[in-house]
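Read the structure below first, then the notes.
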Amino acid sequence: MMKFIKIDENSRVPKYQQIIDSIIHNISIGNLKMDEKIPSINMFSEEFYLSRDTVEKAYSILKDRNIITSIRGKGFYISRTKLISKVNIFFLINKLSNYKLRIYNHFIDAIGANAHIDLQVYHCDETLFLNLLEKNKAAYDYYIIMPHFKTEDLKHVTLTEKVISALEEIPIEKLIILDNVKPELNTVQTEIFQDFENDIYFALKEGLDKIKTYEKIILIYPEQSVYPYPRRILHGFRKFCVEYKLDFEILDKIYDDMILKKGDLFITIEESDLVNLLKQVREDEFKLGSEIGIISYNDTPLKELLGITVMSTDFKIMGETAANMIRNKSRGTIKVPFNFIERDSL
């Protein structure tokens with residue numbers, strides 16, 4: 001193996017990274033085979049006049065990526081060859097919702113076959129997020145992160161101090177922040193995001209002519225949720241209603257015995273609230289789209305089938321843009337389109 005390894009003393013690439021790159025390259029071109037034994041840390045450091053810590057760091061990263069394995073009392077062996085030439089991506093999302101999975105699936109379709117993606121879910125939990133990131137630190141070529149966290153009283157927060165510190169340890173060129181951003185994370189150069197406050201404001205503004213035909217607008221915003229929503233949605237909604245002098249109310253859910261009145265326009269975020277509202281509209285025999293209006297947050301094929309007006313991020317563009325940035329090795333800050341789609345329910 002030693003004759004294949006190249007260490008460039010004049011390169012600015014860290015020596016441990018040169019070891020990693022050289023081993024990976026030789027596996028990908030067939031010089032190193034599955035289950036082949038590789039030199040010990042001491043032997044490697046002596047051969048190339050490197051410190052033991054440098055070689056140990058390289059081997060540790062290779063072990064984390066399951067490229068090599070160690071057998072107690074026997075040494076180190078090549079453990080993987082099939083995925084070695086692929087781009088390895090750590091995809092970390094806050095919840096397994098329909099929308100998050102649509103982003104992920106569009107990403108998968110766009111990234112192509114030359115990628116290996118590990119999907120992990122941290123359920124808006126800071127501790128779980130930090131543990132997953134620490135466990136997989138330095139093991140991947142790219143880290144795609146959707147930052148949404150909850151406080152102890154189930155309020156939404158984009159980032160915490162600990163999360164910011166953890167993200168800043170990831171090299172800029174490897175980190176892509178998806179779906180949600182916050183100015184405090186100054187080192188990030190690649191962001192593909194929603195602007196929650198302005199998105200809802202401008203979407204409602206687009207539908208203003210129809211919205212003004214209703215007497216009252218009711219936003220259903222869950223105040224306490226296992227997966228809380230950004231409060232910037234509230235800010236954008238209030239800004240719209242105040243600017244256009246519209247009567248409005250904010251409720252935390254659709255109650256089973258909700259008092260419905262002709263001229264009410266409901267904006268729902270959670271699917272369960274939309275379903276409950278539709279049931280009550282039908283039971284009370286209101287005419288949807290004239291006596292009672294509904295706008296739902298984020299589109300789905302079922303909402304399209306039912307004729308529900310929506311305000312929605314373009315999840316396809318979000319997933320495809322992240323994939324294209326990796327494929328093209330590009331960086332940037334991209335605001336994803338947010339569309340107002342009028343249907344029969346308005």
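The values are calculated or read from the model by the stated rules, or taken from the named source; none is laboratory data. Here the structure is a predicted model, which is why all the values come from computation and not from measurement. Methodologically, a virtual Cβ is constructed for each residue, glycine included, from the backbone with ideal geometry; neighbour enumeration extends over all protein chains shown. Protein only, heavy atoms only, side chains kept; ligands, DNA and RNA dropped before computing areas. Shrake-Rupley method; radii C 1.70, N 1.55, O 1.52, S 1.80 Å.
Results, tabulated for the structure shown:
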item	result
Lone unmet requirement of (1) of a type outside the set (V, I, T); (2) crowded, with 18+ Cβ neighbours inside 10 Å; (3) assigned to a loop (DSSP other than H, G, I, E, B) for D153	(2)
Residue match in region 325-333 (condition: of a type in the set (A, V, I, L, M, F, W, C), open to solvent by less than 50 Å² (accessible area, probe 1.4 Å) and outside the structural domain of I211 (by the TED database))	yes
Count - residues of region 107-124 that are in contact with a helix residue (DSSP H, G or I) (Cβ under 6 Å, 6 or more places away or on another chain) and open to solvent by 50 Å² or more (accessible area, probe 1.4 Å)	1
Top-ranked residue in region 206-237 [being closer than 20 Å to N339 by Cβ and touching a Ser or Thr at 6+ places or on another chain (Cβ under 8 Å); ranked as modelled with the lowest pLDDT]	P230
Hits in region 239-254 - residues which are assigned to a loop (DSSP other than H, G, I, E, B) and either open to solvent by 70 Å² or more (accessible area, probe 1.4 Å) or closer than 21 Å to V275 by Cα (or both)	K245, D247, D252, K253, I254
Breaking point among (1) surrounded by 15 or more Cβ atoms within 10 Å (Cβ to Cβ); (2) at pLDDT 90 or above, for T127	(1)
Selection status of K135, charged (D, E, K, R), assigned by the TED database to the domain that holds P171, surrounded by fewer than 20 Cβ atoms within 10 Å (Cβ to Cβ) and over 27 Å from Y229 (Cβ atoms)	yes
Residue list for region 188-238, restricted to those being small (G, A, S) and part of a helix (DSSP H, G or I)	A203, G236
Total residues in region 256-276, condition open to solvent by less than 30 Å² (accessible area, probe 1.4 Å) and either outside any loop (DSSP other than H, G, I, E, B) or outside the structural domain of T213 (by the TED database) (or both)	7
Residue match in region 277-296 (condition: in contact (Cβ under 8 Å) with a residue 12 or more places away in the chain, surrounded by fewer than 16 Cβ atoms within 10 Å (Cβ to Cβ) and part of a strand (DSSP E or B))	no
Selected residue (only one of K100, K74, K86, K63 is under 25 Å from I145 (Cα atoms), open to solvent by 70 Å² or more (accessible area, probe 1.4 Å) and basic (K, R))	K63
Test: residue in region 170-183 that is β-branched (V, I, T) and more than 25 Å from I111 (Cβ to Cβ)	no
Residue count for region 138-150, restricted to those that are buried (at least 20 other Cβ atoms within 10 Å of the Cβ) and farther than 22 Å from G319 by Cα	0
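Residues are listed down the side, and each one gets a yes or a no for (1) open to solvent by 80 Å² or more (accessible area, probe 1.4 Å); (2) assigned to a loop (DSSP other than H, G, I, E, B); (3) of a type in the set (V, I, T); (4) outside the structural domain of E134 (by the TED database):
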{"residue": "N10", "(1), (2), (3), (4)": "yes, yes, no, yes"}
{"residue": "I24", "(1), (2), (3), (4)": "no, no, yes, yes"}
{"residue": "L32", "(1), (2), (3), (4)": "no, yes, no, yes"}
{"residue": "D35", "(1), (2), (3), (4)": "yes, yes, no, yes"}
{"residue": "S45", "(1), (2), (3), (4)": "no, no, no, yes"}
{"residue": "D53", "(1), (2), (3), (4)": "yes, no, no, yes"}
{"residue": "K57", "(1), (2), (3), (4)": "yes, no, no, yes"}
{"residue": "S70", "(1), (2), (3), (4)": "no, no, no, yes"}
